[in-house]
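Right, one structure below, let's go through it.
The numbers here are math on the coordinates, done by the rules we state, and not lab data. Keep in mind it's a predicted model, so treat the numbers as computed, not measured. Quick reminder, even Gly has a Cβ in these numbers, built from the backbone with ideal geometry, and neighbours come from all protein chains shown.
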Amino acid sequence: MVECFRALLDNCNSWSHLKQIHALLTTSGLSKTDPFSWKFLSFAATSASSDINYAHRFFLQLSNPQLFHYNALIRGFANSNNPAKCFLIFAEMLLNAVVPDYLTYPFLAKAAARLSDRKAGGCLHARVLRSGLASDLFICNSFIHMYGSVGEVASARKLFDEMPMRNFVSWNSMLDGYAKSGDVSLMRQVFDQMPERDVVSWSALIDGYVKDGDHKEAMAVFEAMKAEGPKANDVTMVSVLCACSHLGALEQGSAMHQYIAEERLPLTLALRTSLVDMYVKCGAVNEALVLFHEVSARKTDVLLWNAMIGGLATHGLTSEALGIYAEMQDLGIRPDEITYLCLMSACAHGGLVDEAWGYFKSITRDGMVPKSEHYACMVDVLARAGRLEEACQLVCEMPMEPTPSTLGALLNGCINHREFDLAEIVGKRLVELDPAHDGRYVGLSNVYAVVRRWDKARSTREAMESRGVRKSPGYSCVEVYGVLHRFTAHDKAHPEIEEIYMMLVVIGEEIKFKSDDSERQDFVSSLN
DNA sequence: TGTACCTGGT
């Protein structure tokens with residue numbers, strides 16, 4: 001009998017199969033026998049087809065759970081969408097006088113990292129130091145990662161420097177710590193110093209540049225990786241596609257799509273989401289829709305829907321965005337706080353104030369708390385529509401200090417709707433709030449320029465310069481035949497600049513002609 | 001039985 005169960009469990013590779021074995025174990029009274037209960041718990045909590053809640057229910061039935069049961073459950077929760085449960089299980093473990101070992105701490109550190117819980121992470125590390133496990137390589141690596149993830153890269157570095165022995169995971173965790181902290185020069189230094197670089201090192205470097213906003217450098221590193229590094233994986237491509245979408249580089253993005261197919265990389269949900277995001281942001285709405293619709297709804301998650309809705313919203317395709325949301329609701333997929341931001345941004349572009357209010361109120365109804373971004377978005381909707389009084393009222397009512405983006409939205413509305421007295425007040429407040437940001441001074445100075453108060457406009461610019469803030473010139477990018485061209489205002493550097501300006505004149509005339517035409521059509525239809 | 005890289009926009 002015992003041998004029979006052992007063979008069944010060893011060959012078990014599916015969830016339904018495992019449930020059948022569980023039923024057999026229960027009816028035969030063997031389920032609480034250690035080797036089987038551990039094997040079962042470990043499969044239920046950590047395998048590819050795991051169900052952590054099922055594993056937890058099974059765990060609760062154990063009369064005398066052992067260290068390895070706790071470890072399996074903590075590991076499962078660390079990778080679940082509820083990592084905070086790890087700490088509850090850990091507390092229970094300590095209450096039951098079960099002593100954690102070298103397999104317990106890496107996953108607790110991971111949970112603290114995923115929750116960005118600096119306090120919990122620090123307590124756990126203190127416990128490790130007292131436990132005599134402090135020299136374990138895996139534990140050290142996990143805590144370097146934890147410190148990097150909670151924004152304490154200096155502590156990560158201290159741990160890294162004091163380690164008796166390092167491996168490539170130590171270096172990758174340190175690299176990732178600098179990537180997350182936004183310190184690209186130290187990130188690069190670690191990358192250049194590390195004894196060996198694998199696909200994780202390269203991917204972390206690329207993603208570090210993406211997070212820093214240096215998308216061109218991210219692409220350059222990817223090219224270097226193709227030339228001299230390991231083969232890229234699906235995670236690498238998620239970051240690379242993110243760079244393409246920010247650059248608006250459709251041809252490069254499509255080439256990446258082709259690369260994914262040629263290299264037969266798994267089209268994971270994250271990768272599909274990145275492709276949808278890239279296509280829609282680069283204006284290839286149809287390609288995005290094809291990729292979005294070709295996967296069955298069961299295999300989607302809210303992030304994929306957000307990418308589609310947000311992308312359509314960015315292009316002002318308001319009704320299409322709201323249509324996709326309606327589909328999402330029909331399928332019973334729960335929106336998250338990002339979904340609401342995407343929906344409200346769609347409303348802002350389409351001038352749908354009442355709908356935006358509806359979504360804003362739904363956030364609370366869905367059991368979420370509106371964040372400053374939601375207030376900023378709602379203020380933007382109201383301000384764009386010229387409902388400045390309501391916008392001001394919302395700013396006053398918001399439960400947190402208004403962020404620069406909230407006031408920025410209000411300022412734009414004031415300028416567009418010629419409320420210059422209010423614009424001056426908001427503009428001044430923005431400069432106070434964000435004194436290192438060049439755009440805030442420019443915004444206020446532009447308000448003064450519009451009302452011809454040149455002295456004030458000049459003194460605002462001077463205030464900016466005296467505080468050492470430099471105005472960085474705005475620019476835009478255009479991709480032609482796979483090559484990105486960057487232009488700033490009055491740019492004369494491009495070799496084909498004469499033809500480019502000539503084409504601009506032609507396009508300008510074309511727009512004028514089109515708008516005259518639409519006015520004429522409006523006039524004709526008003527007669528009917 | 002363990003550690004590292006990824007999917008909204010500002």
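Here the Karplus relation 6.51 cos²θ - 1.76 cosθ + 1.60, evaluated at θ = phi - 60°, turns the backbone of the stretch A:44-50 into coupling constants of 5, 8, 10, 6, 4, 9, 7 Hz, with x for every Gly and Pro. Counting other Cβ atoms within 10 Å as a rough exposure proxy, the listed residues A:426, A:150 run A:150, A:426 from fewest neighbours to most. Between the stretch A:276-338 and the stretch A:67-126, the C-alpha centres lie 36 angstrom from each other.
Only Cα pairs under 8 Å and 6+ residues apart enter the sum, and on that basis the relative contact order of the stretch A:371-472 stands at 20 percent. Sorting A:89, A:500 by the number of Cβ atoms found within 10 Å of their own Cβ, with the fewest placed first, yields A:500, A:89.
Taking the convex hull of the alpha carbon atoms in the stretch A:197-282, what volume per residue do you get, in Å³?
Cα convex hull per residue, to the nearest whole number: 77 Å³.
Temperature 37 °C, viscosity 0.692 mPa s: under these conditions the Stokes-Einstein estimate for the stretch A:323-382, based on its Kirkwood radius over C-alpha pairs, is 286 µm² per second.
For the stretch A:248-322, trypsin sites (Lys or Arg not before Pro) meeting the loop criterion (DSSP other than H, G, I, E, B) and having at most 11 other Cβ atoms within 10 Å: A:264.
The ellipsoid equivalent to the alpha-carbon distribution of the stretch A:371-472 has semi-axes of 23, 16, 9 angstrom, derived from the gyration tensor eigenvalues as √(5λ) and listed largest first.
Once every DSSP H run of n ≥ 4 in chain A is given -39500 (n - 2.57) and the sum is divided by its residues, what mean residue ellipticity at 222 nm do you get, rounded to the nearest 500 deg cm²/dmol?
That calculation yields -22500 deg cm²/dmol at 222 nm.
For the stretch A:291-297, the Karplus equation 6.51 cos²θ - 1.76 cosθ + 1.60, evaluated at θ = phi - 60°, returns couplings of 4, 5, 7, 6, 9, 6, 4 Hz by residue, with Gly and Pro reported as x.
What is the order of A:293, A:22, fewest Cβ neighbours within 10 Å to most?
By the 10 Å Cβ count, ascending: A:293, A:22.
Give the residue from A:372, A:138, A:126 lying farthest towards the positive end of the charge dipole for chain A; charges sit on Cβ (+1 for Lys and Arg, -1 for Asp and Glu) and the dipole is referred to the Cα centre. Towards the positive end, the residue furthest out is A:126. Between the stretch A:393-415 and the stretch A:348-374, the alpha-carbon centres lie 15 Å apart.
Listed here are the pairs A:180/A:428; A:211/A:231; A:211/A:299; which of them are more than 24 Å apart at the Cα?
As for pairs spanning more than 24 Å Cα to Cα, those are A:180/A:428; A:211/A:299.
Shape call for the stretch A:14-95 from the C-alpha gyration tensor, a ≥ b ≥ c root eigenvalues: rounded (a/c under 1.5), prolate (a/b greater than b/c) or oblate? In terms of gyration-tensor shape, oblate.
Within straight-line reach of residue A:371, meaning a Cα separation under 20 Å, sit the following aspartates and glutamates at least 8 residues removed in sequence or on another chain: A:117, A:336, A:337, A:354, A:355, A:380, A:390, A:397, A:401, A:434. In plain terms, chain A is cut at each of the GluC sites (Glu not before Pro) found in a DSSP loop with at most 12 other Cβ atoms within 10 Å, and the longest leftover piece is A:295-495. Taking every alpha-carbon pair under 8 Å whose residues sit at least 6 apart, the stretch A:117-188 reaches a relative contact order of 29 percent.
For chain A, the share of alpha carbon pairs falling in successive 20 Å distance bins from zero is 16, 45, 31, 7, 1 percent.
I need to check one value: relative contact order of chain A, counting alpha carbon pairs closer than 8 Å and at least 6 residues apart, in percent.
5
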